[in-house]
Amino acid sequence: MEENKEKGREEIYSERVRAGKRTYFFDVKATRSNDYYLTITESKRRFKDDGFVYEKHKIFLYKEDFNKFVEALNNTVGHVKTELLPDVDFSEFERRNEAEETADVGNDTELKWD
């Protein structure tokens, strides 16, 4: 968990998910009136000119939509797992991701947004 006050928006909680060439950030932030919302940011590292740039796409999710969003995400993932790919052992991906994260410990480059 990370606490941070920048540009008038307080970051309450943050999680990062590395997924191959992409990184997803799940951040809870507070408005000035002490209301909370979630931002989901997808970051992709791209080569441009003589260096790298990070392309990002952000979704803002407000409390009144939390349940609908989670339900739709769970239904969609469940459909893929049970109907489209019932023979795939998804726990294998978890083990592979853990191995990659362990190998990546020395190369931790924290990305900051906003």
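Take Glu92 and tell me if it is surrounded by fewer than 10 Cβ atoms within 10 Å (Cβ to Cβ) and modelled with pLDDT of 95 or more. It would help to see each step written out before you state the result.
Numbers: surrounded by fewer than 10 Cβ atoms within 10 Å (Cβ to Cβ): yes; modelled with pLDDT of 95 or more: no.
Criteria not met by Glu92.
Which condition does Glu98 not pass, out of (1) at pLDDT below 85; (2) outside any helix (DSSP H, G or I); (3) of a type outside the set (A, V, I, L, M, F, W, C), if it passes all the others?
Failed condition: (2).
What's the number of the only condition in (1) among the charged types (D, E, K, R); (2) without any contact (Cβ under 8 Å) to a residue 24 or more places away in the chain; (3) in contact with a helix residue (DSSP H, G or I) (Cβ under 9 Å, 6 or more places away or on another chain) that Asp35 fails to meet?
The single condition Asp35 does not satisfy is (2).
The values are calculated or read from the model by the stated rules, or taken from the named source; none is laboratory data. Quick caveat, the model's predicted, so the values are computed rather than measured. Note that we place each Cβ from the backbone using ideal geometry, even for glycine, and neighbour counts take in every protein chain shown.
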